[in-house]
Amino acid sequence: FAFDILHPHAEYQHNWHVDLMARALTQVSNGEIKRLIITMPPRMLKSHCVSIAWPAWEIGRNPLKKFLCLHASNALGRDLDEACFDLMSSPRYRALFPGAKLNLKKNKLCTSFGGHRQFMPINGRLTGLGADIVIIDDPISTADARDAKARQQLHEQFDDNILQRLNNKKDGAIVLVMQRVHEDDLTAHLLAKDEGWVHLDLSAIA
């Protein structure tokens, strides 16, 4: 549905990994998973599914829902934000979810009921921001991943700031989606903590 709206001249080619992502995200929606990591190669619809289609579906069903989307690249964040806005502004979406009426503010898509999808650079100032669900999408570039200082800065940002962004620490959820870029990347940092993260690892096979 979302792919057809956003890419009307491209052919959607379904694969089983999309079903696995959808299943895991549905478990997050149902409260069955509170901490989810999805790792997979680039150009496999991970951002489309996790950062565009899923928030649009969630906000359509519950216009009170608040999302905070964090990205390493400000340009990527804006592109995904605009794509989600285009999807939620489409006549087909509005017919399905008439309660999810949007107002476009700086870096934030807001519903008339108080829900929103907001994006920020992951290393930006997050003070005062809160959400029911935090999405972290490609938190570090492949170039920065080679820099031990940059990796450590990202780890500290997560530990010191991102965990505190959940409005409800018990019921809120965090979803990390990324390609593996280093043996000490954010995925490795979180899995080493052994704090109940569910890891959906979708490796590429040549």
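Structure data summary
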| quantity | calculated |
| --- | --- |
| Near pairs, Cβ below 9 angstrom, 6+ apart or cross-chain, from the range 158-183 (in contact (Cβ under 8 Å) with a residue 40 or more places away in the chain) to any residue that is of a type in the set (Lys, Arg) and part of a strand (DSSP E or B) | 167/66; 173/35; 174/35; 175/35; 176/35 |
| Scope the range 86-141; condition touching a residue at least 40 places away in the same chain (Cβ under 8 Å), open to solvent by 30 Å² or more (accessible area, probe 1.4 Å) and outside any loop (DSSP other than H, G, I, E, B); matching residues | 86, 92, 120, 121 |
| Residue match in the range 171-189 (condition: at pLDDT below 85, more than 22 Å from residue 49 (Cβ to Cβ), open to solvent by 60 Å² or more (accessible area, probe 1.4 Å) and out of contact with any Phe, Trp or Tyr (no Cβ under 8 Å at 6 or more places or on another chain)) | no |
| Residue count for the range 33-75, restricted to those that are of a type in the set (S, T, N, Q) and either in contact with a Lys or Arg (Cβ under 7 Å, 6 or more places away or on another chain) or crowded, with 20+ Cβ neighbours inside 10 Å (or both) | 3 |
| Count of residues meeting criterion [touching a residue at least 60 places away in the same chain (Cβ under 8 Å) and open to solvent by less than 60 Å² (accessible area, probe 1.4 Å)] in the range 1-19 | 4 |
| Residue selected from the range 186-200 under the condition over 17 Å from the mean Cα position of the chain (by Cα) and in contact (Cβ under 8 Å) with a residue 40 or more places away in the chain, by the criterion farthest from residue 20 (Cα to Cα) | 195 |
| Test for residue 205: is it assigned to a strand (DSSP E or B), aliphatic (A, V, I, L, M) and out of contact with any His (no Cβ under 7 Å at 6 or more places or on another chain) | no |
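The values are calculated or read from the model by the stated rules, or taken from the named source; none is laboratory data. Keep in mind it's a predicted model, so treat the numbers as computed, not measured. Positions of Cβ are backbone-derived with ideal geometry, glycine not excepted, and every protein chain shown enters the neighbour counts. The accessibility values were calculated without ligands, DNA or RNA, using every heavy atom of the protein model including side chains. Shrake-Rupley method; radii C 1.70, N 1.55, O 1.52, S 1.80 Å.
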